[in-house]
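**Q** Take a look at this one; I'll ask things after.
The values are calculated or read from the model by the stated rules, or taken from the named source; none is laboratory data. These numbers were taken from a predicted model, which means no experiment stands behind them. Note: ideal-geometry Cβ built from the backbone for every residue, glycine included; neighbour counts use all protein chains shown. Keep in mind that these areas ignore ligands, DNA and RNA; they rest on the heavy atoms of the full protein, side chains included. Shrake-Rupley method; radii C 1.70, N 1.55, O 1.52, S 1.80 Å.
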Amino acid sequence: MALLDSAPLDVLDAYRTCEFATLGRDGTPLTWPTAVRRRPDGTLLLSTSLAFAQKALNIRRDGRVALLFSDPTGSGLENPPQIFVGGHAECPDEIMTGPQGAEDYWRMLFERQPHSRSYVTAPMRLVMDWYYLRLLITVTPQQVVVRSPLPLSGTPAAPPGELVGAAQLARFPTAVLAARDASGAPVLARTRPVPTGEGFAVDVPADCPATEGPAALLVHRHDERLNHMHNALVRGELRAAGTGWVLVPAKVVEPMGSGRVSDAVSVLRSTRQATDRYLRRRGLPRPRVRWAQFRALAQDARRS
């Protein structure tokens, strides 16, 4: 029996995304939404494009990771439990140019994200090849915690103020706190940030052993078909405040921009540049994407 079997697997499989935390060079748990596929052996498969390879670089330096399944948008489930998974990840420096070894993962993406099928068509290949140059991440679970749901509906606790990140957090009723436990491993918990004079007050569940130190608050959204995505990470420091906790913000990271039309062009340019930079630092030519294999999986998804 795999450790993951202690979780409600039908619920875990239904989640379209999870929040995934790796440890940055300075120890900050950097957290972003991502798609996950559970494997029969009890491990979890994720991937990252070369354009967003920081997750891979973090894992190669420190394999401790955390995942939280807490946003059920698109799953068809009403108020499902949250599932926290702590574990160890591996990410070989092998660039995947086709779906080989991860066919079920890509089939899942094409089924759940219909608009991504257009990326394999001739008109889009010139600008989207970076998306298919991937690094595979395998997570071996070492801890599983099932929590009661924290409804995502409602209104933010307060309008945006002068705090760093206040404008981003004010658009969401909840956020995911990423912190570290006493050993330095990442932990995650969905919470409702409340602006204070010092920072954002956050409730931390009893089964989340967060400690003071580098931390962050992630907000993200997508629609039922994994489209119209937006995410922002408010980085800072978690401090004890009486009987509670406060995240003191320092900076905001919005890798996909703030939603302006011009952001799309900027993102495409930066992703291609980041891909080229990853390859150049390793002295590698740009690989050819195996379009026919991806197209076959996209067509299978369209028929299902």
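**Q** Limited to segment 147-170, what total is found for residues that are open to solvent by less than 70 Å² (accessible area, probe 1.4 Å) and at pLDDT 70 or above?
**A** Of the residues in segment 147-170, 14 are open to solvent by less than 70 Å² (accessible area, probe 1.4 Å) and at pLDDT 70 or above.
So that you can scan it fast, the table gives a plain yes or no per residue for (1) part of a loop (DSSP other than H, G, I, E, B); (2) closer than 20 Å to Arg235 by Cβ:
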| residue | (1), (2) |
| --- | --- |
| Pro149 | yes, no |
| Ala167 | no, yes |
| Arg171 | yes, yes |
| Leu177 | no, yes |
| Ala182 | yes, no |
| Gly213 | no, yes |
| Leu218 | no, yes |
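**Q** While we're here: In segment 68-89, is there at least one residue being in contact with a helix residue (DSSP H, G or I) (Cβ under 8 Å, 6 or more places away or on another chain), touching a residue at least 40 places away in the same chain (Cβ under 8 Å) and of a type in the set (Phe, Trp, Tyr)?
**A** First pass over segment 68-89, keeping only residues in contact with a helix residue (DSSP H, G or I) (Cβ under 8 Å, 6 or more places away or on another chain): 69, 72, 74-77, 80-81, 83, 85, 89.
Imposing the further condition that a residue be touching a residue at least 40 places away in the same chain (Cβ under 8 Å) reduces the set to 69, 72, 74-77, 80-81, 83, 85, 89.
Keeping just the survivors that are of a type in the set (Phe, Trp, Tyr) gives 69.
Yes - at least one qualifying residue is present in segment 68-89.
**Q** Specify which of the listed residues (Ala179, Ala206) is among the small types (Gly, Ala, Ser) and touching a residue at least 40 places away in the same chain (Cβ under 8 Å).
**A** Ala179
**Q** Select from segment 270-302 the residues that are open to solvent by 70 Å² or more (accessible area, probe 1.4 Å), part of a helix (DSSP H, G or I), within 17 Å of Ala53 (Cβ to Cβ) and charged (D, E, K, R) and list them in ascending order.
**A** Passing the criteria: Arg272, Arg277, Arg280, Arg281.
**Q** Residues Gly184, Gly213, Gly197, Gly244: which one is more than 14 Å from Val164 (Cα to Cα) and out of contact with any Gly (no Cβ under 9 Å at 6 or more places or on another chain)?
**A** Criteria check complete, one pass: Gly244.
**Q** Can you name the residue in segment 3-24 that is part of a loop (DSSP other than H, G, I, E, B) and under 18 Å from the mean Cα position of the chain (by Cα) and is also surrounded by the fewest Cβ atoms within 10 Å (Cβ to Cβ) among such residues?
**A** Gly24
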